[in-house]
C-alpha cells in the first residue's frame, strides 16, 4: 500500500500528532478513548489544500486531474481512501519512483477547524535510464542497448529506444508514447522499428522495417486501439533447401494497413487467472492506404476462467481467424495464420500443422483453435505460501484446424473444411508463472487426429511464452 | 548443407532426365527487365536451345530475390534451382549434355578466356551505362527497375540497387571512367570477338558452344534494346561479321519457335534485328 502517514484504512484508533489529535488525549482512560475513535470516524472534514512536493520537470496541470478527487472527500476515512486512489493514479503514469501521502491538519490563515491538508511527496524518475545486455543463443550473439526517457516533456510522455546488434541480425525500435492529460487511458504512440525473424518451420527469413501510430481509448468497459502501420517487408529463404513455394514468396513488399482492436479483460491476472473473462477482437485492412498487399484480416480470442472446488481453476479458450485477400494477388506467407506448438495446439511441433510443401509449412488463411484446461495446485502442495505457489499442474485438451480459403465455393464449404480432419491432443503438465508476463510449461502430450504432413512432438514438450492457448 | 551433401544431392539430380516442366525465371519483360539482365537471360535461353532442351520462360517481379545467388536468370529443373550461365552449363553437363565436348584443352581454355572477356567487359559496360550514367539511370533504369513496387518502396529499391552497382564499379576501378571510355572498351571487346570469329559460322569449328550463346545474348540484346542513344548499338554494328553472326543464330534457333520468342515486341526491345 505504501507509506501513508494516516496509517490505515481500517477504523482503528488514529494515533499520532499529524491528525490533530493531541497525544495527551490518547492517554486518558479507555471510555474517553473509545469516544474519540467514533468522533474521528464520523467527523466531517474539509480538504482545504492538496500539495505535491518534489516536482521537477513534471508539469502540474496533468497532476491536477489525478488528485482532484481528494477534494471531494467528506470524512476522514474518505480522505484516506481517495488519497490512496490518487496515489495509485499518480504511480500508474509511470513518472514517479514512489509517492508518499501525508495527511495533516490545515494550517495557515484561513484554516478551518476541521480542515485537512493532504500532501503527496513524490520522487520523480531519473531523466534517462539505460540498460546494456548481451545475449547468446542459437549460434548467434548479440548486444542489446536500451534507453528509456520517462516523462520527457513533463506530461508523462515516454520515449524508449532499443537497439540490438548481433552477429547475424541487427534490429532496433524507437517508441514515443503520450497520454492525454487527465485521461491516462486515452493515449497515442508512434513506433519506428526494424525487426528480423527467422522461421525454421517455413525455412523463411523475414526483415520488417516499419512505422506505426496507434490511438488507444476506452469506451465504457472496453478498450479500443486504432492503428496505422506501414511496413517494408523483405522475405527470403533461410536455407538453400527451402521449398520452391517458399522461394516464390521471396522478395520485397510494402504493407500499409489500418487496424482496430477491441479488448475486454475482466480477469484478475494475465497469467494463470483465477476468474474473469477475456475477449479480444482484431481486424486489419491492408491495401487501401497504399502498399502492395491488400487483404482483410479478422481474428478473435476468447478466454473464460472459473475457480472450482479445492483451489482448482477451469479455463476454456477459443481462438479463430480469417484472412481474405482482396484483389487478384494471393495471400502472402507473412500474413497467414500458423497453428501448432507448445503455445497453441500442444503435442505438435512449432507451427507445423496445415498446408505444407516439402516440409516447409506455409500457413493457412482460416483457422480455429480451442483449449480446455484444469489448473490445480501441485500435488501435496510443496513450498506452499512461497515458491510453490508459482507452479501449477494442468490437464489440458487442445484442438484446432487450419486451412486455405481457395475452394471457390461458399462459406459453408469452408466451415465444413475446418470441421473435418480436426487435430487435437490431450495431456498433463506443470506450469511455472514468471512474474505477470510469461509462463513456462512442461507437458506430456498425446496428439491425435494427425494428418499427413503435420509434424508432431508427442511425449514431453517444453514451452515458454506469453500467450498460450 | 555441407559441401559433401550438396555434391551428393547434385549427383542424384544429375541422374534424372530433363523434365518437361523446366522453367527459366527472369524479371518482367515488358516493364521491368534491364539490358544486362535481358542479355544474361537470352544467353541462357540460347544455350538451352542449342542443347535441344525445352524450357518455359516465366516472368516474375521478384525473380532477382528468388534466385539463390541474387542474379537472374535462374532455372528450376525438377527439385534443383541453378542460377547464372556458368553454373547452369555445369549443371547441364552433369546431366550429360554438353556443347564443348568436341574441344581440346587449348580451345577450352581459349573459350573460357573469351567468356571472361565478355563478362568483364561487355557485361560491366552494360551495368555502367545503366546505373552510372545519370541520364540513363534517371530515364530508364530506375523507373523500370522499380515499376512493380508502390511508393515509397520503389524509390528505396531503385536507389539501393544504384548504390550497390556504383560501389561495385568503384571496387573494380571503373568509376573513374567516363561514358566515352566505356564505349571505347566495348568497341575493343567487339573487335577482339570479331577477330576471333573471322569468317567462321561459330567461334569454334562448325558447332556452337556456350561462348556463342553468351556472345549472342549480349550482342543481340544490345542491338535490339532502345537506350537513350544508339551509340552502343552503333559500336557493335560496325563489325559486320558479328552482325551476321547474330542473324544466323537468330534464324537457326529462334525463328522456328517464333510465337513468343525474343524477337517478340516489347517497349524496351526494338524487336528483330535491323
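The values are calculated or read from the model by the stated rules, or taken from the named source; none is laboratory data. Just so you know, these numbers come straight off a predicted model, no measurement behind them. Note that each Cβ is placed from the backbone with ideal geometry, even for glycine, and that neighbours are counted across all protein chains shown.
Residues considered: B:54, B:68. Of these, the only one that is in a loop (DSSP other than H, G, I, E, B), in contact with a helix residue (DSSP H, G or I) (Cβ under 9 Å, 6 or more places away or on another chain) and within 14 Å of another protein chain (Cβ to nearest Cβ) is B:68. Among the numbered conditions (1) at pLDDT below 85; (2) in a loop (DSSP other than H, G, I, E, B); (3) surrounded by 12 or more Cβ atoms within 10 Å (Cβ to Cβ); (4) on the phi < 0 side of the Ramachandran plot, the only one that residue A:33 does not meet is (2).
Confirm whether residue B:145 is modelled with pLDDT of 90 or more, within 14 Å of chain A (Cβ to nearest Cβ) and under 29 Å from residue B:80 (Cβ atoms). The answer is yes for residue B:145.
Go through the range A:152-167 and give me each residue that's modelled with pLDDT under 90 and either under 21 Å from the mean Cα position of the chain (by Cα) or assigned by the TED database to the domain that holds residue A:60 (or both). Once the filter is applied, which keeps residues that are modelled with pLDDT under 90 and either under 21 Å from the mean Cα position of the chain (by Cα) or assigned by the TED database to the domain that holds residue A:60 (or both), the range A:152-167 yields only A:156. Here residue A:133 meets the list (1) modelled with pLDDT under 85; (2) closer than 30 Å to residue A:172 by Cβ almost entirely, failing just condition (1). Of the candidates A:295, A:300, the single residue that is away from chain B (no Cβ under 14 Å) and without any contact (Cβ under 8 Å) to a residue 24 or more places away in the chain is A:300. State whether the residues of the range B:243-251 include one that is in a loop (DSSP other than H, G, I, E, B) and either under 25 Å from residue B:108 (Cβ atoms) or out of contact with any helix residue (DSSP H, G or I) (no Cβ under 8 Å at 6 or more places or on another chain) (or both). Checked against the condition, which is being in a loop (DSSP other than H, G, I, E, B) and either under 25 Å from residue B:108 (Cβ atoms) or out of contact with any helix residue (DSSP H, G or I) (no Cβ under 8 Å at 6 or more places or on another chain) (or both), the range B:243-251 yields no hits at all. Number of residues in the range A:78-96 that are in contact with a helix residue (DSSP H, G or I) (Cβ under 8 Å, 6 or more places away or on another chain) and crowded, with 18+ Cβ neighbours inside 10 Å equals 7.
To keep it simple, each residue is scored yes or no on (1) surrounded by 14 or more Cβ atoms within 10 Å (Cβ to Cβ); (2) in contact with a helix residue (DSSP H, G or I) (Cβ under 8 Å, 6 or more places away or on another chain); (3) on the phi > 0 side of the Ramachandran plot.
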{"residue": "A:373", "(1), (2), (3)": "yes, no, no"}
{"residue": "A:382", "(1), (2), (3)": "no, yes, no"}
{"residue": "A:394", "(1), (2), (3)": "yes, no, no"}
{"residue": "A:406", "(1), (2), (3)": "no, no, no"}
{"residue": "A:438", "(1), (2), (3)": "yes, no, no"}
{"residue": "A:447", "(1), (2), (3)": "yes, no, no"}
{"residue": "A:450", "(1), (2), (3)": "yes, no, no"}
{"residue": "A:453", "(1), (2), (3)": "no, no, yes"}
{"residue": "A:461", "(1), (2), (3)": "yes, no, no"}
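Looking across the range A:266-291 at every residue that is closer than 21 Å to residue A:332 by Cα and away from every other protein chain (no Cβ under 14 Å), the one that is surrounded by the most Cβ atoms within 10 Å (Cβ to Cβ) is identified as A:284. For the range A:168-183, enumerate the residues that are more than 23 Å from the chain's Cα centre (by Cα) and surrounded by fewer than 16 Cβ atoms within 10 Å (Cβ to Cβ). If the condition is that a residue be more than 23 Å from the chain's Cα centre (by Cα) and surrounded by fewer than 16 Cβ atoms within 10 Å (Cβ to Cβ), then A:168, A:170 are the ones that fit. On inspection, residue A:239 fails the criterion of being within 14 Å of chain B (Cβ to nearest Cβ) and part of a helix (DSSP H, G or I). One residue alone among A:195, A:263, A:246, A:211 is modelled with pLDDT under 95, under 26 Å from the mean Cα position of the chain (by Cα) and either surrounded by fewer than 17 Cβ atoms within 10 Å (Cβ to Cβ) or in a helix (DSSP H, G or I) (or both), and that residue is A:195.
Here residue B:172 meets each of (1) buried (at least 19 other Cβ atoms within 10 Å of the Cβ); (2) touching a helix residue (DSSP H, G or I) at 6+ places or on another chain (Cβ under 9 Å) with one exception, condition (1).
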